[in-house]
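Working notes, structure below.
The values are calculated or read from the model by the stated rules, or taken from the named source; none is laboratory data. Please read these numbers as outputs of a predicted model, since none were measured by experiment. A quick note on method: Cβ atoms are made from the backbone with ideal geometry, for glycine too, and the neighbour counts reach across all protein chains shown. Only protein heavy atoms, including side chains, enter the accessible area calculation; ligands, DNA and RNA are left aside. Shrake-Rupley method; radii C 1.70, N 1.55, O 1.52, S 1.80 Å.
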Amino acid sequence: VKHHSLVWVVWMARYSARMMSVSPHTFLMFAAISFVALPSALCQGLRGAAGQLDDLPPDNATDTALALEETRSNLTALWSWGYCLQYGCGPFQWGQFCGCQPGCEHWYTCCSDYEETCHVPAPTPAPANLPPTPAPANPPVPAPSPAKPPAPAPVSPPAPAPVPPSGPSDGTHYTFYVYRAQSDASYPPKNVNAANLEGAMWYLQNEVMTEDPPKFGITRILRYKVQMRAPAGLLTKGMNFGVRYAYDSQKCTGPGKCETMYSKYGFFVGCNKFESMYPFPTMQTHYPGGIWYSFPGQGACDAPATGAATCTYSYTLPPEEISLAELEGSKGRSFWDNDDDTANAAKVQAAADLFKQKYPKSADLEPSPCDFNYEKFWN
């Protein structure tokens with residue numbers, strides 16, 4: 001058991017050294033000191049699986065796999081000492097007992113609440129508005145409800161959530177375009193994700209045009225002119241944009257608890273640059289200038305945005321649009337061939353030229369700054 005624990009310490013030295021940019025020898029000195037003080041429970045946590053591995057014959061593949069899986073489970077149990085809700089989602093920091101960064105599941109070092117708090121899937125488009133279900137011609141008469149005993153009074157009611165400043169802010173007023181790949185359904189850009197043109201084209205190429213016909217019934221690219229002003233709660237952190245939340249079927253799904261941060265800062269517009277690889281996409285793309293946004297419905301207002309907690313952005317209707325058929329032209333689906341920087345830059349330029357051709361009087365707007373800062377926001 002001591003032998004297996006020592007192997008674990010050496011492995012952790014190599015992994016943690018890479019995560020914290022220090023030499024393995026430096027971290028190994030720290031790990032060796034910690035190893036001397038490890039409680040006996042650590043050895044006991046690994047003894048069962050380690051013993052199985054030592055006793056198995058080399059050709060017993062099935063039992064070896066089972067023992068490896070038990071070893072992984074024991075390793076995972078060691079990282080139950082911390083929480084991503086406490087540490088925040090992102091790169092490993094000194095002092096964490098477990099990981100909250102993309103890829104931690106491959107090393108079995110994730111905190112126990114990583115999946116719930118930090119794992120963010122690619123956003124999906126909001127569904128089309130469905131007609132209401134008609135009432136039945138002869139609805140049944142409901143049976144009288146049985147008498148219910150009075151509910152007991154709560155022992156200790158929860159403390160109210162913090163309320164952000166509700167008045168207008170003195171933030172900078174930004175006007176910029178955002179784009180959405182969408183079906184023929186029409187609905188306002190509330191509780192949705194959007195992108196700059198590079199971000200929308202990456203989404204189309206990697207999520208939509210992988211199927212024929214295109215996934216989600218997407219047929220067009222919409223362009224909205226957005227006016228935005230950050231709420232005062234976010235400006236105190238030195239940012240105009242918060243974290244880019246994922247909206248799936250118009251429901252905010254993270255990272256973290258959306259309502260907690262909206263209560264803290266106000267209903268901010270979120271953004272993320274592709275180059276940051278947080279929260280998604282988590283890999284390098286051939287659309288290096290891509291940006292995604294999130295627009296909470298509670299922050300939308302009809303008049304120009306004031307920066308109040310519930311009035312952080314407005315948008316123009318109807319949106320401008322181009323169809324995928326117009327964009328592809330005579331090339332058809334071969335328009336989406338070749339996924340490299342040069343080919344993708346040409347696709348983005350083709351879309352920009354088509355918008356310019358269809359809407360020559362529309363203004364040329366500067367892109368948004370997208371100044372979200374992970375450390376400032378979560379800490």
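Shown are TYR177, TYR287, whose ranking by accessible area with a 1.4 Å probe and every protein chain present, most to least, is TYR177, TYR287. Ignoring ligands, DNA and RNA, what percent of the 1.4 Å accessible area of region 187-284 is carbon and sulfur? Of all accessible area on region 187-284, carbon and sulfur atoms account for 49 percent.
Show which lysines lie in cross-link reach of LYS264 when reach means a straight Cα distance below 22 angstrom and same-chain residues fewer than eight apart are skipped. Counting by Cα, and skipping residues close in sequence, LYS264 has these lysines nearby: LYS190, LYS237, LYS251, LYS376. At 1.4 Å probe size, with the rest of the protein present, what percent of the exposed accessible area of region 313-379 is carbon and sulfur atoms? Of the solvent-accessible surface of region 313-379, carbon and sulfur hold 51 percent. Using a probe of 1.4 Å, the accessible surface attributed to LYS225 totals some 80 Å² when neighbouring protein chains are kept in position.
Both radii were evaluated on the Cα set of region 204-357; the Rg over Rh quotient, with Rh as the Kirkwood radius, amounts to 1.00. Sorting THR109, THR236 by solvent-accessible area of protein heavy atoms yields THR236, THR109, largest first, with a 1.4 Å probe.
Using the Cβ-Cβ distance between THR316 and GLU115 with R0 set to 41 Å, the FRET efficiency from 1/(1 + (r/R0)^6) comes to roughly 0.60.
Compared with the direct C-alpha span, the chain from ASN379 to TYR108 gains 95.1 nm at full extension, assuming 0.36 nm per residue. Length gained on full extension, ALA325 to ASP371, computed as 0.36 nm times the residue gap minus the Cα-Cα distance: 13.1 nm. Of TRP202, TRP94, TRP107, TRP378, the residue with the largest accessible area leads and the full order is TRP94, TRP107, TRP378, TRP202 (1.4 Å probe).
Any idea of the accessible area per residue across region 179-312, 1.4 Å probe, to the nearest Å²?
34
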